[in-house]
Amino acid sequence: MSDSTNKTPDGNWTPRIVAFFCNWCTYTAADLAGVSRMKYASNIRVIRLMCSGRVDPQFVVDAFAKGADGVLIGGCHPNDCHYVEGNYKCLRRYQMLKRMIADMGIEPDRLRLEWISAAEGEKVRRVVNEMVETVKQLGPLGIPAKFEQWDKEMNALAEHVAASQGAGAPGSSGQNKPQTAQTAHV
Amino acid sequence: MNIMETRKNEPVRIGFYVCHCGVNIAHMVDVEAVAKYVATLPNVVVSRNYKYMCSDPGQEMIQKDIREQRLNRVVVAACSPLLHEHTFRGATEAGGLNPFYFQMVNIREHNSWVHTDRLEATRKAMALARAAIQRVPHHKPLEVKKVPINPDVLIVGGGIAGIHAAITMANAGKKVYLVEKEPSIGGHMAMFDKTFPTLDCAMCVLSPKMATVGSHPNITLWTYSEVVKVDGYVGNFKVTVRRKPRYIIEDLCTGCQECVANCVYKEPKFPDAFNLGLGKRKPVYMPFAQAIPSIAIIDPEVCLNFKRGKNPDGSYTVSDKCKKLCVVACGDRKAIDFSQKAEDKEITVGTIIMATGFKTFDPRRTPYYGYGVYPNVYTALELERVINASGPTEGHLVMRNGKEPKRVAIVHCVGSRDENTNRWCSRVCCLYSLKLAHLILEHTDAEVYNFYIDMRTPGKSMEEFYNRVAEEGMHLVRGRVADVYPDPNDTASGRLIVQAEDTLTNRILKIPVDMVVLSVGLEPRPEAEDLRRLFNLSCSSEGWFLERHPKLAPVSTFTDGIFLAGCCQGPKDIPDSVAQAGAAAAEAFSLIDKGYVEQEPNTAFVLAEECSGCKSCIPLCPYTAISFNEETKKAFINEALCKGCGTCVAACPSGSIVQNLFEDQEIFSEIDGVLAPLPQ
């Protein structure tokens with residue numbers, strides 16, 4: 001996890017975007033873009049789910065935590081969901097996530113939800129390219145590096161506390177030790 | 001003993017295979033580097049690359065490795081799982097493993113075909129492969145659920161495609177429901193005069209098939225009816241069909257048309273839809289002479305026994321003001337029933353064939369051709385009716401003013417191959433324009449001009465037909481018509497000037513003609529959008545129903561058990577529509593005769609010991625598959641109702657719902673895998 005930013009072999013940073021595509025519309029649209037030989041940026045890594053309603057907010061947060069610079073969710077158009085209304089459930093969670101990641105210090109533009117039907121290969125191309133451009137403008141997110149930084153700060157703080165407590169109340173420092181940054185995130 | 005059980009506690013042993021797909025993948029992805037990289041990943045025992053993984057040797061390689069290397073997981077990086085997941089699951093199973101220990105990585109449609117930088121594409125392939133390698137250890141053996149299939153079939157649309165599919169299925173002993181929106185089956189083909197390239201009369205070849213549908217013991221024909229609701233899934237669709245009132249009791253009507261002859265309207269007065277308004281009919285009428293079912297229909301919009309105007313619910317109120325001579329004429333048959341109401345019929349079918357056809361382009365959208373403004377501008381379909389012996393002019397080619405045209409211009413590509421209207425080629429217009437030109441020459445002494453962009457005559461015997469007809473002495477002008485306007489020197493006769501550039505001689509032509517025929521293109525029907533929603537289908541950007549695969553699954557859809565036939569999938573001629581209808585019937589058969597459908601085991605279940613009983617999941621399920629057990633205070637998912645979307649799984653606050661094939665841990669491993677650092 002030390003590789004917090006994605007570097008091409010020539011050393012330039014290039015964004016990594018994790019995408020969650022629903023099986024019926026957007027994944028199929030991406031297949032169509034392939035069959036039509038449309039060209040788009042290679043920064044995207046698609047994970048197939050049956051429905052955009054399956055996108056657990058934790059997936060998005062986890063992707064950012066593990067080094068994604070952007071997350072794209074693709075589902076069927078309103079009224080067209082293969083599972084009737086999974087896309088509406090996804091929309092609700094998306095709106096919540098937008099606010100939540102902003103509170104975490106992640107620019108809301110790093111998360112995008114798009115309705116892309118099975119016929120819209122061209123939209124896949126456009127959305128992926130736009131998304132890559134947006135994220136390039138925003139620069140690396142680098143949450144894993146930040147975690148490392150925070151871990152260091154927390155460890156330093158813990159040491160500082162332990163040292164000051166060690167001076168004042170010896171014996172209590174042993175209990176405080178497990179409260180280092182290892183438990184701060186998993 | 002199940003082979004799975006014996007391996008339960010064995011360490012994970014993954015076999016990884018990356019496919020070249022000839023050069024489709026290998027030209028953009030360094031497959032050897034991918035295989036080499038994957039070999040370094042944990043649990044990977046075998047990592048190979050091969051020219052064609054989907055070929056027999058490729059599949060045998062997997063099976064051999066499973067046996068010899070004691071693999072218990074298989075990952076293939078190749079094309080889209082929508083194409084070959086089934087193939088490789090089969091190979092995995094043939095090797096002695098549960099098929100769901102397999103995972104596919106899409107590095108063709110999502111990678112080699114869409115990227116241009118070989119280095120980047122290779123790195124992406126590595127990342128995607130790693131995601132799968134990290135995912136498969138979490139895979140569980142699953143069982144495919146087998147659900148019995150209802151052998152009955154619903155066919156929507158009674159044009160030539162629907163008719164052919166219905167007869168094919170019914171002859172093999174399947175029960176067919178054929179639902180047609182109009183009062184008679186026959187569709188567009190019934191309106192044509194003759195058909196290219198054989199020039200046999202359309203009705204002569206169609207009417208025997210229509211009659212077969214009408215009398216076949218295995219076909220339930222519901223005309224003047226529409227599908228209003230579709231529930232369920234492959235093998236077990238619950239469909240509601242609304243039968244609109246025709247105010248004639250079908251079982252009692254003999255088709256004698258005494259009611260039509262005795263109607264209080266002595267003369268036909270109302271525009272006749274079958275003849276596109278060129279002819280007239282009475283309020284009670286037979287759609288056309290050869291209509292099937294041969295049953296009259298009453299139009300409540302104009303019949304004097306109804307109050308004018310529709311009620312808000314779409315019904316009509318009986319006024320009882322008419323002398324009802326039709327009822328008198330019907331006599332003891334008592335077939336006329338003014339109180340008839342729309343009736344909803346519920347049926348259960350296992351498969352559905354969509355054959356809802358097309359509509360012709362409305363040339364009012366190209367106002368420069370003057371359709372609807374100048375009476376002597378016709379659409380090609382109108383000309384078919386004018387030329388037809390059973391049409392409004394009994395086959396005499398005369399214009400609205402009763403005169404025979406001396407010069408006729410046929411304008412190709414109206415609403416086809418045009419940036420401003422429809423971009424696609426409608427495929428049939430060149431040929432039907434040539435056919436119409438031939439028929440005009442046959443019926444009259446007129447001079448005929450064909451204005452075309454390109455003459456497109458592919459298909460068996462079509463080019464020969466073109467050559468034959470072209471020698472009959474018609475003018476062929478290569479150039480799109482720009483304008484049609486009245487002859488300023490001759491305003492009285494209704495003569496028109498057709499202006500076009502002859503692109504072969506580079507001259508602007510202004511040709512005076514008596515009649516202009518617009519070769520209108522084919523378009524998706526306006527109700528296709530509603531049907532798409534109703535049947536859960538996809539449409540192409542043009543609005544045609546989308547087939548599962550343009551080459552390999554041309555009559556299947558993304559919804560299992562629903563097939564496409566005829567022009568609802570795209571413009572095609574009669575031979576192709578019939579061929580496709582046969583193909584759709586065969587696809588439906590292969591499902592029905594198997595006796596059951598296999599369902600992906602991607603359903604969700606509740607871990608009862610973890611469920612907190614918060615009920616968050618219950619309102620989320622669109623299929624009401626989740627219930628709450630008041631005694632145990634736990635949620636329960638009915639597997640038979642669950643469709644496997646996973647919406648409840650994503651919402652469960654305690655993480656106690658698991659979706660098979662898409663478990664949380666599997667997705668988290670994929671996220672980790674795609675983001676893991678790659679070798680520089």
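The values are calculated or read from the model by the stated rules, or taken from the named source; none is laboratory data. All of these numbers come straight from a predicted model, not from anything done at the bench. Here the Cβ is made from the backbone with ideal geometry for all residues, glycine too, and neighbour counts use every protein chain on show. Surface areas here come from the heavy atoms of the whole protein model, side chains and all, with no ligands, DNA or RNA. Shrake-Rupley method; radii C 1.70, N 1.55, O 1.52, S 1.80 Å.
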Counting only residues in the stretch A:105-152 that are without any contact (Cβ under 8 Å) to a residue 12 or more places away in the chain and either within 11 Å of another protein chain (Cβ to nearest Cβ) or of a type in the set (D, E) (or both), the one least open to solvent (accessible area, probe 1.4 Å) is identified as A:E130
Counted residues in the stretch B:515-564 being basic (K, R) and closer than 25 Å to B:K643 by Cβ come to 3
Being within 14 Å of B:L178 (Cβ to Cβ), in contact (Cβ under 8 Å) with a residue 40 or more places away in the chain and either buried (at least 18 other Cβ atoms within 10 Å of the Cβ) or in contact with a helix residue (DSSP H, G or I) (Cβ under 6 Å, 6 or more places away or on another chain) (or both) narrows B:V234, B:V239, B:V264, B:V230 down to just B:V239
Taking the stretch A:2-13 and the residues there that are surrounded by 14 or more Cβ atoms within 10 Å (Cβ to Cβ) and at the interface with chain B (Cβ under 8 Å from one of its Cβ atoms), the one that is modelled with the lowest pLDDT would be A:D3
Of the residues in the stretch B:512-538, those that are open to solvent by 20 Å² or more (accessible area, probe 1.4 Å) and either more than 14 Å from chain A (Cβ to nearest Cβ) or part of a strand (DSSP E or B) (or both) come to B:P512, B:D514, B:P524, B:R525, B:P526, B:E527
Restricted to the stretch B:540-579 and to residues being modelled with pLDDT of 95 or more and aliphatic (A, V, I, L, M), the residue surrounded by the fewest Cβ atoms within 10 Å (Cβ to Cβ) is B:A579
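Any idea which of B:A35, B:A39 is of a type in the set (G, A, S), open to solvent by less than 30 Å² (accessible area, probe 1.4 Å) and either touching a Phe, Trp or Tyr at 6+ places or on another chain (Cβ under 8 Å) or modelled with pLDDT of 95 or more (or both)?
Numbers: B:A39 fails: open to solvent by less than 30 Å² (accessible area, probe 1.4 Å).
Exactly one residue qualifies, and that residue is B:A35.
Take residues that are modelled with pLDDT of 95 or more, open to solvent by less than 20 Å² (accessible area, probe 1.4 Å) and touching an Asp or Glu at 6+ places or on another chain (Cβ under 9 Å) and tell me which of the strands (runs of 3 or more DSSP E) falling wholly in the stretch B:312-374 contain 2 or more. Spell out how you get there, then give the answer.
On the way: elements: B:343-349, B:351-354, B:358-360.
Where strands (runs of 3 or more DSSP E) fall fully within the stretch B:312-374 and carry at least 2 residues being modelled with pLDDT of 95 or more, open to solvent by less than 20 Å² (accessible area, probe 1.4 Å) and touching an Asp or Glu at 6+ places or on another chain (Cβ under 9 Å), they are B:343-349, B:351-354.
Please determine, by comparing only the residues of the stretch A:57-67 that are open to solvent by 10 Å² or more (accessible area, probe 1.4 Å) and without any contact (Cβ under 8 Å) to a residue 60 or more places away in the chain, which one is farthest from the other protein chains (Cβ to nearest Cβ). So that I can check it myself, show each step before the final result.
Of the residues in the stretch A:57-67, the ones open to solvent by 10 Å² or more (accessible area, probe 1.4 Å) are A:57-58, A:61-62, A:65-66.
If we keep only those that are without any contact (Cβ under 8 Å) to a residue 60 or more places away in the chain too, we end up with A:57-58, A:61-62.
Working: A:P57: 8, A:Q58: 8, A:V61: 10, A:D62: 5 Å.
Here the answer is A:V61.
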Flagged in the stretch A:22-31 as at the interface with another protein chain (Cβ under 7 Å from one of its Cβ atoms) and not aromatic (F, W, Y), in numbering order, are A:T28, A:A30, A:D31
Counting only residues that are more than 30 Å from B:I562 (Cα to Cα) and either free of Cβ contacts under 8 Å to residues at least 24 places away in the same chain or in a strand (DSSP E or B) (or both), the stretch A:28-55 contains a total of 3
Across (1) more than 11 Å from chain B (Cβ to nearest Cβ); (2) in a helix (DSSP H, G or I); (3) open to solvent by less than 70 Å² (accessible area, probe 1.4 Å); (4) within 23 Å of B:V674 (Cα to Cα), A:L72 clears everything bar (2)
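Can you tell me which residue is most open to solvent (accessible area, probe 1.4 Å) among those in the stretch A:32-56 that are of a type in the set (V, I, T) and within 7 Å of chain B (Cβ to nearest Cβ)?
So the first thing to find is which residues in the stretch A:32-56 are of a type in the set (V, I, T), and the list is A:35, A:44, A:46-47, A:55.
Of the ones still in play, those that are also within 7 Å of chain B (Cβ to nearest Cβ) are A:35, A:46-47, A:55.
On the way: A:V35: 61, A:V46: 24, A:I47: 0, A:V55: 7 Å².
Filtering first and then ranking leaves A:V35.
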All conditions in (1) more than 30 Å from B:T212 (Cα to Cα); (2) open to solvent by less than 10 Å² (accessible area, probe 1.4 Å) are true of B:W113 except (2)
Wholly inside the stretch B:443-502, strands (runs of 3 or more DSSP E) that include 2 or more residues that are closer than 28 Å to B:P575 by Cβ and in the same structural domain as B:G402 (by TED's automatic domain parsing) are B:447-452, B:475-478
Flagged in the stretch B:348-377 as within 24 Å of B:G566 (Cα to Cα) and among the hydrophobic types (A, V, I, L, M, F, W, C), in numbering order, are B:V349, B:I352, B:I353, B:M354, B:A355, B:F358, B:F361
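I need the strands (runs of 3 or more DSSP E) fully contained in the stretch B:34-121, keeping only those with at least 2 residues that are within 30 Å of A:W24 (Cβ to Cβ).
B:73-78, B:102-106
From B:N422, B:N467, which residue is polar (S, T, N, Q) and crowded, with 16+ Cβ neighbours inside 10 Å? Working first, answer last.
Details: B:N467 fails: crowded, with 16+ Cβ neighbours inside 10 Å.
The match here is B:N422.
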Return a yes/no flag: does the stretch B:498-515 have any residue that is in contact (Cβ under 8 Å) with a residue 24 or more places away in the chain and more than 25 Å from B:I453 (Cα to Cα).
no
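Could you pull out every one of the strands (runs of 3 or more DSSP E) wholly within the stretch B:580-680 that has 3 or more residues that are buried (at least 20 other Cβ atoms within 10 Å of the Cβ)? Walk me through how you get there before you give the answer.
On the way: elements: B:596-599, B:604-606, B:626-629, B:634-637, B:657-659.
Once the strands (runs of 3 or more DSSP E) in the stretch B:580-680 are filtered for at least 3 residues that are buried (at least 20 other Cβ atoms within 10 Å of the Cβ), what remains is B:657-659.
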Among the residues of the stretch B:591-616, the number that are within 11 Å of chain A (Cβ to nearest Cβ) and among the hydrophobic types (A, V, I, L, M, F, W, C) is 1
